[in-house]
Amino acid sequence: MNLEKSTIHSSAKIYVAGHTGLVGSALVRILRKLGYHNLVLRSHHELNLANQAETAEFFTQESPEYVFLAAAKVGGILANDTYPADFIQENLAIQSNVIQQSHRTGVKRLLFLGSSCIYPKHCPQPIKEEYLLTGPLESTNLAYALAKIAGIEMCSAYNRQHKTRFLAVMPTNLYGEGDNYDLETSHVIPALIRKISEARQNDNRTVEIWGTGEPRREFLHSDDLAGACVFLMGLEDAPFSTLLRAGSGPLINVGSGEDITIRELAETIAKILGFRGELFFDHTKPDGTPRKLLDCSRLNALGWRPAIQLRDGLQRACDSFQKHFQSSVPSVVSA
């Protein structure tokens with residue numbers, strides 16, 4: 001995408017909520033690369049979006065024209081299952097405050113970042129947007145998923161009642177630069193990278209991995225997601241309006257279109273890192289949803305495709321981890 005094809009002027013005031021996180025930092029990189037220079041950024045220390053008064057004051061003072069709502073409390077299967085109250089309370093507060101204040105101050109367009117966990121656990125594959133609310137959710141991340149579903153409905157409700165232009169994007173499983181490598185709260189790729197990298201460093205012969213390794217997952221690099229978000233936000237009025245009026249609500253899937261098993265993922269990461277020990281899959285731990293592959297035909301029809309292949313993205317992620325988080329580990333071995 002280039003700036004000439006976007007409806008967003010290079011001088012437009014753009015607020016990226018959650019700019020220090022995986023998705024937010026990727027959005028900032030992409031926006032700056034494309035020439036957008038009027039970015040509004042606030043850390044959590046500077047602005048608590050879960051606080052209604054603070055959020056209202058911020059929007060009154062800054063009056064952004066476009067909002068990317070990437071701020072959220074996120075985590076892997078362990079964190080979601082352990083802290084469900086934290087996940088639902090904080091995410092509901094953040095998105096309610098930002099969406100309400102975006103309406104109040106006349107934001108032109110808002111893009112709300114959700115998650116593919118909003119879809120039923122046993123969903124037909126690949127997952128279409130209209131499958132939302134057609135079956136029970138995965139129990140381990142129920143609180144988080146319900147918060148995100150509420151965010152989608154809030155965008156839809158404001159669009160219907162107040163004629164706002166708020167779009168909800170549902171990305172598949174993400175990874176990339178600036179990921180979270182805390183084993184208690186991380187997602188599967190950063191957790192595997194850390195576990196396998198540390199096993200190689202410490203000459204351990206075994207790495208324990210939760211579950212059977214059989215569930216299939218789709219993965220997308222955070223830079224690709226950021227590119228898709230900027231692409232969608234800058235669409236001409238007609239196609240953007242069509243997305244808002246879709247029968248499934250103003251939501252659209254973003255994914256790579258391909259999935260692999262967790263076992264295959266772990267084996268690929270082990271090969272990249274040069275780990276030649278055993279990968280032990282603990283069948284007593286939960287697998288989560290059996291398969292999650294998004295149908296991205298609506299987005300693809302608009303002309304967007306991901307640019308980073310999984311193998312290349314994993315190599316970059318491993319390089320980044322060892323450079324920034326574990327400098328004492330021997331250099332990554334390219335396979």
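Set side by side, the residues G211, G178, G151 differ, and just one is of a type in the set (G, A, S) and closer than 25 Å to I8 by Cα, which is G151.
If you scan segment 180-193, which residues turn out to be in contact with a helix residue (DSSP H, G or I) (Cβ under 7 Å, 6 or more places away or on another chain) and within 17 Å of A266 (Cα to Cα)? Within segment 180-193, Y181, L183, V188, I189, L192, I193 qualify. I'm checking my understanding of the structure. Among residues of segment 84-123 that are under 17 Å from the mean Cα position of the chain (by Cα) and among the polar types (S, T, N, Q), which one is surrounded by the fewest Cβ atoms within 10 Å (Cβ to Cβ)? Taking the candidates together, the pick is S115. Scanning segment 124-170 for residues that are surrounded by 19 or more Cβ atoms within 10 Å (Cβ to Cβ), out of contact with any Cys (no Cβ under 7 Å at 6 or more places or on another chain), hydrophobic (A, V, I, L, M, F, W, C) and without any contact (Cβ under 8 Å) to a residue 60 or more places away in the chain yields a count of 3.
When V207 is tested against (1) among the hydrophobic types (A, V, I, L, M, F, W, C); (2) assigned to a helix (DSSP H, G or I); (3) more than 26 Å from K121 (Cα to Cα), just one condition goes unmet, and that condition is (2). Inside segment 104-135, residues that are touching a strand residue (DSSP E or B) at 6+ places or on another chain (Cβ under 7 Å) and assigned to a helix (DSSP H, G or I) make up a count of 3. Among the residues of segment 186-212, those that are open to solvent by 40 Å² or more (accessible area, probe 1.4 Å), in contact (Cβ under 8 Å) with a residue 24 or more places away in the chain and not charged (D, E, K, R) comprise H187, V188, Q201, N204, T206, W210.
The set of residues in segment 25-61 being closer than 18 Å to S96 by Cα and open to solvent by less than 60 Å² (accessible area, probe 1.4 Å) consists of L47, N48, L49, A50, N51, T55, A56, F58, F59. Of all residues in segment 81-123, count the ones that are aromatic (F, W, Y) and in contact with a Leu (Cβ under 8 Å, 6 or more places away or on another chain). Going through segment 81-123 one residue at a time, the tally reaches 2.
Yes or no, residue by residue, for (1) of a type in the set (A, V, I, L, M); (2) out of contact with any Asp or Glu (no Cβ under 7 Å at 6 or more places or on another chain); (3) at pLDDT 95 or above:
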site	(1), (2), (3)
K13	no, no, yes
H19	no, yes, yes
A26	yes, no, yes
K33	no, yes, yes
V40	yes, no, yes
L49	yes, yes, yes
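What's the total number of residues in segment 137-170 that are more than 30 Å from P239 (Cβ to Cβ) and either assigned to a strand (DSSP E or B) or charged (D, E, K, R) (or both)? Final tally of qualifying residues: 1. Remark: pairs (first residue in segment 171-185, under 20 Å from W210 (Cα atoms) and in a strand (DSSP E or B); second residue of a type in the set (G, A, S) and open to solvent by less than 60 Å² (accessible area, probe 1.4 Å); Cβ separation under 8 Å; 6+ apart in sequence or on different chains) = N173/S116; L174/S222; Y175/S222; Y175/G313; Y175/A317.
Among residues of segment 264-284 that are more than 16 Å from P190 (Cβ to Cβ) and among the small types (G, A, S), those with a beta-carbon under 8 Å from a residue that is in a loop (DSSP other than H, G, I, E, B) and open to solvent by 90 Å² or more (accessible area, probe 1.4 Å) at least six positions away or on a different chain give the pairs G277/R205. Pairs meeting the criteria (first residue in segment 33-45 and assigned to a strand (DSSP E or B), second residue open to solvent by less than 40 Å² (accessible area, probe 1.4 Å) and polar (S, T, N, Q), beta carbons under 6 Å, at least 6 apart or on different chains) are lacking. How about segment 124-137: which of its residues are under 20 Å from I252 (Cα atoms) and over 17 Å from the mean Cα position of the chain (by Cα)? Passing the criteria: P124, Q125, P126, K128, E130, Y131, L132, L133, T134, G135, L137.
The values are calculated or read from the model by the stated rules, or taken from the named source; none is laboratory data. This structure is a prediction, so every number in the text was calculated from the model and none was measured. When we count neighbours, we look across all protein chains shown, and the Cβ atoms used for this are built from the backbone with ideal geometry, even at glycine. With ligands, DNA and RNA removed, areas are computed over all heavy atoms of the protein, side chains included. Shrake-Rupley method; radii C 1.70, N 1.55, O 1.52, S 1.80 Å.
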